[in-house]
Amino acid sequence: MSRTWSCIAVATTIVLAGAASASAQTPGTTPPNRHGINAREARQVERIKNAKEDGKLTKGELDKLRADEAALRARERVFRESGQGLNSAEYKALERELDRLSKEISRATHNGR
């Protein structure tokens, strides 16, 4: 009888552990590094600010970069408010947009003006 209870206890522990790990890794939720998007945005804003102070941007370039940054923040806000934070597709879309903006900043600051 004791052996039967031991088997039941082990089986219950395994089932509960599996259920806990399955609920902790729900597909489509925000990746573990939630602060990555905001940190990248902050670094890019700083790059734009430094380039402005160094005179590396024209007014048109500065206005375009600021508008792109504002659009990115608006898109992130829509994603975050649409459900339970960012899902992986939204996170990847924001990462791609940040990559594109980073290249724009680099081009604008290194174009010889």
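Taken together, the values in this text are just the output of simple stated rules run on the coordinates, not laboratory data. Note that the structure is a prediction, hence the values are computed from the model and not measured. In this analysis, Cβ positions are derived from the backbone assuming ideal geometry, glycine residues included, and neighbour counts consider all displayed protein chains.
A few notes on this one:
- Within straight-line cross-link reach of residue 56, lysines at Cα separation under 27 Å, skipping those fewer than 8 residues along the same chain: 64, 103
- Label separation (residue 39 vs residue 70): 2.8 nm, computed from points 7 Å beyond Cα along the C-beta direction.
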